[in-house]
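Data block below; observations after.
The values are calculated or read from the model by the stated rules, or taken from the named source; none is laboratory data. Computed from a predicted structure; not experimentally measured. Please note: Cβ atoms are built from the backbone with ideal geometry, for glycine as well, and neighbour counts cover all protein chains shown. Surface accessibility is based on the protein's heavy atoms, side chains included, excluding ligands, DNA and RNA. Shrake-Rupley method; radii C 1.70, N 1.55, O 1.52, S 1.80 Å.
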Amino acid sequence: EARLIEAAMYAPEWIDIVGAYLGWDGFTAGCYYFMAHMNEMFDDKRKAMIARYTPLEVDELNAGAFDKWFTEVYEKLGDQRFQLIYKAAKYISDGAKHIRARKYADAALGKYEEEKLFAEIEAKRNKDLLMAVGILPIENEEQIKDRYMFLQKFKKESRQFGAQRRASEAAAVSTAMRNMAINAGYQDVTRLTLRMESLVVQ
């Protein structure tokens with residue numbers, strides 16, 4: 001099974017064939033989750049396949065936006081099967097473009113210890129991990145406020161860098177905020193920001 005999944009990830013035209021053979025509910029969606037959330041542009045065929053599962057535009061996904069259809073995929077597959085696709089994701093493309101999708105999956109599944117995650121982001125200025133902050137499971141509003149303040153602090157610290165880096169880090173913060181707004185059930189980032197600012201003032 002693991003070898004078949006690796007083949008499907010290496011040659012996406014095999015995904016439907018392997019999925020039909022395995023008979024796993026959610027297999028095709030699971031494979032395309034990793035493709036959709038990696039840092040790479042897609043050809044028209046992949047764009048059309050990804051559009052089956054998410055209303056997000058390809059440019060939004062490429063910029064780091066996260067879609068909650070991940071939860072549905074994970075629940076259909078179950079952890080054991082999902083992990084097989086997770087491990088095979090490295091065959092999607094050259095290099096480490098699949099890493100973002102893995103980080104997002106780990107964040108959504110609550111596998112990060114928040115304090116350590118924040119420390120790593122600050123030490124390495126890792127934008128993929130920063131955008132994953134908005135995906136972390138939410139237990140209460142205080143958590144959202146703390147994450148909001150962390151994101152604003154990160155953005156403020158960007159002032160010490162050059163214009164290009166400031167712009168890329170600001171874009172990452174913006175995406176993290178958008179991911180968090182969706183995750184927290186807000187209609188848009190503006191409503192999230194207003195609520196968090198009121199809590200900060202209090």
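Taking the C-alpha atoms only, the angle from helix 141-157 to the longest principal axis of the chain is near 80 degrees.
About the Cα centre of the range 1-103, how large is the charge dipole given +1 on each Lys and Arg Cβ and -1 on each Asp and Glu Cβ? Please answer in debye to the nearest 20. If you can, show how the numbers build up before the last one.
Working: 14 positive and 16 negative charges, 63 e Å.
Result for the range 1-103 is approximately 300 debye, rounded to the nearest 20.
The Rg/Rh ratio of the range 25-141, with both radii computed over alpha carbons and Rh defined as the Kirkwood radius, is 0.95. Using only alpha carbons, the chain has a radius of gyration to Kirkwood radius ratio (Rg to Rh) of 0.99. For the range 65-202, a simple Cβ point-charge model (Lys and Arg +1, Asp and Glu -1, everything else neutral) yields a dipole of about 600 debye relative to the Cα centre.
Expressed as a whole percentage, what fraction of the accessible surface of the range 73-202 belongs to carbon and sulfur atoms when a 1.4 Å probe is rolled over the protein heavy atoms? Let's see the in-between values first.
Numbers: 3360 of 6990 Å².
That share works out to 48 percent.
The angle between the Cα long axis of helix 99-108 and the longest principal axis of the Cα atoms of the chain comes to about 70 degrees, rounded to the nearest 10.
Plainly put, the range 1-73 has a radius of gyration that is 0.96 times its Kirkwood radius, both from alpha-carbon atoms, as the Rg/Rh ratio.
Checking the Cα-Cα distances for Lys76/Lys111; Lys47/Lys155; Lys111/Lys156; Lys97/Lys156 against a 23 Å cut-off, the pairs over it are Lys47/Lys155; Lys111/Lys156; Lys97/Lys156. Every Cα-Cα pair in the range 81-122 was counted, and those over 17 Å apart are 39% of them. The three principal axes of the C-alpha atoms in the range 77-178 carry coordinate ranges of 43, 37, 22 Å, sorted with the longest axis first. Only protein heavy atoms count here; on that basis, with a 1.4 Å probe, Phe34 has an accessible area of about 0 Å². Can you give the net charge of the other residues whose Cβ lies under 13 Å from the Cβ of Arg102, counting K and R as +1 and D and E as -1? Result for the neighbourhood of Arg102: +4.
Could you provide, to the nearest whole Å², the per residue accessible area of the chain with probe 1.4 Å?
So the chain comes to 53 Å² accessible per residue, rounded to a whole number.
In straight-distance terms, cross-link reach from Lys45 covers every one of the aspartates and glutamates whose alpha-carbon lies under 17 Å from its own, apart from those fewer than eight places away in the same chain; here that gives Glu13, Asp16, Glu57, Asp59. Relative to the longest principal axis of the Cα atoms of the chain, helix 79-88 runs at roughly 90 degrees. Among the GluC sites (Glu not before Pro) within the range 62-140, those in coil by DSSP and having at most 12 neighbouring Cβ atoms inside 10 Å are Glu113, Glu139.
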